[in-house]
1. Checking the conditions here, which among Arg33, Arg18, Arg49 is over 20 Å from the mean Cα position of the chain (by Cα), at pLDDT below 90 and either under 27 Å from Ala180 (Cβ atoms) or among the charged types (D, E, K, R) (or both)?
2. Looking at Tyr149, is it among the hydroxyl-bearing types (Ser, Thr, Tyr), part of a helix (DSSP H, G or I), within 19 Å of Lys15 (Cβ to Cβ) and modelled with pLDDT of 95 or more?
3. Considering only residues that are among the small types (Gly, Ala, Ser) and in contact with a strand residue (DSSP E or B) (Cβ under 8 Å, 6 or more places away or on another chain), look in region 129-180 and name the one that is surrounded by the most Cβ atoms within 10 Å (Cβ to Cβ).
4. Quick check on Leu123: is it within 17 Å of the chain's Cα centre (by Cα) and outside any helix (DSSP H, G or I)?
5. Could you please let me know if Ala80 is of a type in the set (Gly, Ala, Ser), closer than 30 Å to Val220 by Cα and modelled with pLDDT of 95 or more?
6. Between Leu158, Leu187, which is touching a Lys or Arg at 6+ places or on another chain (Cβ under 9 Å), of a type in the set (A, V, I, L, M) and outside any helix (DSSP H, G or I)?
7. Could you go through region 77-97 and let me know if any residue there is in contact with a strand residue (DSSP E or B) (Cβ under 8 Å, 6 or more places away or on another chain), among the basic types (Lys, Arg), more than 14 Å from Gly264 (Cα to Cα) and in contact (Cβ under 8 Å) with a residue 12 or more places away in the chain.
8. Among the residues that make up region 208-220, is at least one of them at pLDDT below 95, of a type in the set (Phe, Trp, Tyr) and not in a helix (DSSP H, G or I)?
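The values are calculated or read from the model by the stated rules, or taken from the named source; none is laboratory data. In this text, all values refer to a predicted model and were calculated from it rather than measured experimentally. In this analysis, Cβ positions are derived from the backbone assuming ideal geometry, glycine residues included, and neighbour counts consider all displayed protein chains.
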Amino acid sequence: MIDAKLLDRFLVNPKKFRLKDCDPGWAGDKTMRELSGEELKAHAKEYVRKTLEELSEEQDRLWAQDQHSVLVVLQAMDAAGKDGMIKHVMSGLNPQGCSVHSFKKPSEEELDHDFLWRCAQRLPARGEIGIFNRSHYEEVVVVRVHPEYLRGQRLPGLKVNAKFWEHRYESIRDFEKHLARNGYTVLKFFLNVSRKEQKKRFMERLDTPEKNWKFSEADVKERAHWDEYMDAFQEALRATSTSYAPWYVIPADNKWVARSVVAGIITRAIRKLPLETPTVSPERKRALDEARLILENEKP
């Protein structure tokens, strides 16, 4: 459904990236656009299913080799589909080798450390895939829109100016470079939902009793800061999309198209890793042969 080369169109080039150039309603190439809504959904679901089969096989090799780790970062405005992305794209993975962490308001313990500390505590181990639902990027997006939150961080000599944010971007780049040097593949996705589509999804949560629990009055209040959030995301993506930790802007108005693109990018990235099923030593092979002999001679 989605050609591998097409996936590169979503990669952020920091030298010429503008968020307004990214279409949240993108629904594929000419062939895909000719499909009806239900046909497009069906094709996308089938693509995700097939991609997950391959992703599951790659995860087995990742787990068996126990050298590399994969960190998937999801950032977005509310109702962009982060939870659904995790549910559907990661559903085919072995839970033993996969972890999901959501980052909300920092606790008092977290505020007593540097802004990267709480995410560093939850990094996936070698052989694992870790998913961050929100992340350290909250500190250069939400906190940039609401700089009053910095008071709770008790930073010495605090001056909130351009240099302050550049220092945070620098810290993030250094942190992610450190991860890359130590065997992490870092993939970062901004789910780009339009303001119109967000309103539609909020209304659906209000109109559907079974979805009322998903709705938060705070989400509506944050819509008043939409332009500020778009500026903060644009600056953060420009400043921190690197060869070792790239950003992808994913069109999120169509949930299944978004899931297809993310599934394809993750699978391609893991496939590029030098993963091999571990081979056993001659000593280990002799031990296995002995175990086989014991089992074959075992009385019923």
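1. Arg33
2. No: the conditions fail for Tyr149.
3. By that ranking, first place goes to Ser135.
4. Yes; evaluated as a whole, the condition is true for this residue.
5. It is true that Ala80 is of a type in the set (Gly, Ala, Ser), closer than 30 Å to Val220 by Cα and modelled with pLDDT of 95 or more.
6. Of the residues listed, the single one that is touching a Lys or Arg at 6+ places or on another chain (Cβ under 9 Å), of a type in the set (A, V, I, L, M) and outside any helix (DSSP H, G or I) is Leu158.
7. Yes - at least one qualifying residue is present in region 77-97.
8. yes
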